[in-house]
1. If you check A:SER42 against the conditions, is it within 17 Å of B:ILE231 (Cβ to Cβ) and not assigned by TED's automatic domain parsing to the domain that holds A:ILE139?
2. Select from region A:39-50 the residues that are of a type outside the set (Ser, Thr, Tyr) and closer than 16 Å to A:MET105 by Cβ and write down the one among them that is farthest from the other protein chains (Cβ to nearest Cβ).
3. Report, ordered by the first and then the second residue, all pairs with beta carbons closer than 7 Å, sequence separation of six or more or different chains, a first member in region B:200-223 that is modelled with pLDDT of 95 or more, and a second member that is exposed (fewer than 15 other Cβ atoms within 10 Å of the Cβ).
4. Being touching a Ser or Thr at 6+ places or on another chain (Cβ under 9 Å), surrounded by 24 or more Cβ atoms within 10 Å (Cβ to Cβ) and on the phi > 0 side of the Ramachandran plot: is that true of B:GLY608 here?
5. Is it the case that region B:231-240 has a residue that's in contact (Cβ under 8 Å) with a residue 40 or more places away in the chain, over 30 Å from B:ASN292 (Cβ atoms) and touching a helix residue (DSSP H, G or I) at 6+ places or on another chain (Cβ under 8 Å)?
6. Cβ contacts < 8 Å: first residue free of Cβ contacts under 8 Å to residues at least 60 places away in the same chain and facing chain A (nearest Cβ under 10 Å), restricted to region B:658-683; second residue among the acidic types (Asp, Glu) and surrounded by fewer than 20 Cβ atoms within 10 Å (Cβ to Cβ), any location; separation 6+ or different chain. Result?
7. If you take the residues of region B:227-243 that are farther than 25 Å from B:VAL641 by Cα and in a loop (DSSP other than H, G, I, E, B), which of them is farthest from the other protein chains (Cβ to nearest Cβ)?
Amino acid sequence: MVAFTVNGVRRELGVDANTPLLWVLREHLKLTGTKFGCGIASCGACTVHIDGQATRSCATPVSTVEGKSVTTIEGLSPDGSHPLQKAWVAEQVPQCGYCQSGQIMQAAELLARNKAPSREEIIEHMDGNICRCGTYLKIISAIQRASREG
Amino acid sequence: MTKHLDPRATDLSRRDFLGTAAGLTFALTVAPDPLALIHEDPSGVALADGPLSPNVWITIATDDTITIVSPAAEMGQGTFTTLPAVIADELDADWSKVKPVFPSEWNEKKFGNPGYDNYAFQTSASFAVRGYFRAMRVAGAQARRVLLDAVATKWGVPAAELSTEPSVVVHKATNRHISYGEIAAFAKAPAELPKIEDKDLKTPADFRYIGKDLPRVEVPLKVTGAAKYGIDAQVPGMVYASVLQSPYPGGRPETVDETRARQVPGIADIVTLPEGVGVIGTSVEATLRAKNLLKVSWGDAPGAHHDSEKALEEFAAIARDKSRDGVPYEPVGDAKAAMRTAAKIYRGEYRTRYLYHAQMEPMNATASVSADGKSVEIWTGTQGPTNLHNQVARLLGIDRTSIILHQQFLGGGYGRRSQQEVVVDAVRLSKAVGKPVKLIWTREDDVTGGKFRPMTAHHIEAGFDASGKLIAWHHRVVAESVAAYTSIANGTSPPPVDRVVMKGSPIPQYPIPNKLAEHVIEARGARLAAFRGVGNAHNAFAVESLLDEIAKDRGLDPIAFRLTIAEGAPRMQMLLRAVAEMSDWTRQRSGRGIGVGTMVKDDTLVAGVAEVSVDRATGKVKVHNFWAAIDAGLAVQPRNVAAQTEGSIIYGLGHVLREKITIRNGRVLESNYSDYEVTRMSDVPNIEVKVVSTDYPPTGAGEDGVPVVACAVGNAIAMLTGVRLRELPFAPERVRGALGA
């Protein structure tokens, strides 16, 4: 039995301790906004926050989040109104969109720490998140917009 | 498979018209040439027993909501917005009231792409807007006319006195207004639907949405996690599946030791598949664990002996050996004869390696076969609903109408999701266990079971006459046939030419009087697929590299030389001038090189310029700036054309810098993003795209930046270092070696 909080709701689950948090979120809790990309923490599509820290859920055994607070894209804001979500729409960032939950969660950690990151700081922070459609420049613009309009 | 599109061919001559309590549904039937029915059907299954009539559906509800069917796959290219916007424009609909939907039934006679001979549901080759554009304009215009006629009758005024504002019919003389929803409440079907001719369509000055920029309709769903992809399917009672695949195509499981896999808690079944072994269980984590515990030996197949690096050497030798003819692709004049008269002949050899699509959503499908095996429901995101239906119908021995496909958003396609083997395996597994099955490939499955852009070897000769005119062009491409590979899966015979490999080789942007491009087809047993940028990408690398080598030898500026040989191709000349201006081409650059490349793919033209530097110690190439100009005819959504071009440049950059698939003993050596290294944010240059909207019908724009990247970057490196890189990728070790560092 593992117990932790997801998007403010306490959950208790009888899953194997080694199960990656990703599959617990997606298939046990049906929170499918967090995506499976690589399974080895190499692409960032599965990024969630654990106690506020951006973490690759695909490489996080669920036992390690015991008692912790997990935030997924579904819990970033109640209605898509986080400054990054608004900026993502304003800049029309997503193409296929599959990586964008992870991109936004990764960016949210940056802005929580650093309200006005430089372009270089943005690139350094986001370089572990792959977007195969090639929306990187739009992502940079959207983070800068959210930083401005926050 | 595509046919030449006659812009006048789609003519609404039949109709269904349903007035319902909920509103008004137009089933506007676009009757194509009935002969198209008899035409060879590449899908291998007869599509129709009546006239083939793709159509477009518009439903106007009494609350003013307008539902418009958008039949193309949405994989980020924006057609879920672009196609409905075309209808909405001619309908003069209020865009805020428009709700795009995927087709509820996958009937080519109603919704198929008129650009294909078989009206296939097939979103690839940047063919959605190109294929549907005219039919959708006509459908929208006709629906508007029906509304006008209905109001004219009700108000007793001549229809000619009526006009429309978005979703409202107006009679100016009496200052009366009525909304489309109000019309839907009373309108009745006319006996004959009005015929729409060219003159009835809007002129570009009247466009409200075409040529403007609409926010993409599904973008808000993609920032909250609400957008549903195939992998997100949740079906009551479903179980999970993982498949251990044969490492090479054609490998059948010979011995299967499932002892340890069976011991994993939650594993219910293990099912042998034609080229794999499926593990069924109650959770993803259980099936993944069990799959890794399977011990399987695989039967022999030609692909088991494939060694890609060795084969590429052989391909290069074959390319050089002109005694073996290839399959000509759109030749012009007599290149061989003209070459014999040439005063000077330039020769170049180039190589490219296998590439993996690396779409972010690993391949997956959920299938639920009914207890009697006579029907099936499928949840997936596919580029090819027609082939999906044909393959599943053949597998189960059922009619296509017994298949319900729930199309989802695609987490990247790039050609990969045109192939159906994962869907077919999911159906097999569901049938075997009698439950809905969600089959998910891991990233490792997706790489090692990838279907690749073929590796290629090129040999090109360019002959000049004594006056310095380029008179003969002979391009030999040695590669496997993608068309042959995919037609086996689709149960059809291979077409005589492989457009996927050969696109881009006819170089219409350079009207050389004698041109021969030929495909020398080798078979090595690799899995292959169409790939974003198709043949244009490797062919442009070869063609544009040699052009720069020639320009250098003749002491000519690379753009000036191209403008000369592009004489007679004014659209490309305009783009070349545009990128010269954007890049400030003639400016001296310290420590940086600049290079140009062009491509023409299915009437879409692109020119691009790259500015690069090279770290001579490490061999690392850095692209600092990329300027591109694209002419895809009328730009229906210009901002989206720019976004697709920018994205495809970034996609192509990975192919240049690092990406390659290596096959040894039939096994793919790469396995994940850790060793198949795609473009990351830190690789991306500043990119400036100029969208040149022209009066030509819209052509594709989903992939057209890809081909100009490798050539422009290679040319820039050559300008900077004097060293010509003739094979991809320009990985640091190769660059360092070439520089002699």
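The values are calculated or read from the model by the stated rules, or taken from the named source; none is laboratory data. Predicted model, so just to flag it, every value in this text is computed and none were measured. Neighbour counts are summed over all protein chains in view; Cβ atoms, including those assigned to glycine, are modelled from backbone coordinates with ideal geometry.
1. no
2. Looking at the filtered set, the residue picked out is A:ILE50.
3. B:GLY211/B:PRO204
4. no
5. no
6. Every condition considered, the pairs that remain are B:ARG680/A:ASP127; B:MET681/A:ASP127; B:SER682/A:GLU124; B:SER682/A:ASP127.
7. Ranking the qualifying residues of region B:227-243, first place goes to B:GLY237.
Here's the yes/no breakdown for (1) more than 9 Å from chain B (Cβ to nearest Cβ); (2) out of contact with any strand residue (DSSP E or B) (no Cβ under 7 Å at 6 or more places or on another chain):
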{"site": "A:GLN100", "(1), (2)": "no, yes"}
{"site": "A:GLN103", "(1), (2)": "yes, yes"}
{"site": "A:GLU109", "(1), (2)": "yes, no"}
{"site": "A:ALA116", "(1), (2)": "yes, yes"}
{"site": "A:ARG119", "(1), (2)": "yes, yes"}
{"site": "A:ILE122", "(1), (2)": "no, yes"}
{"site": "A:CYS131", "(1), (2)": "no, yes"}
{"site": "A:ILE140", "(1), (2)": "no, yes"}
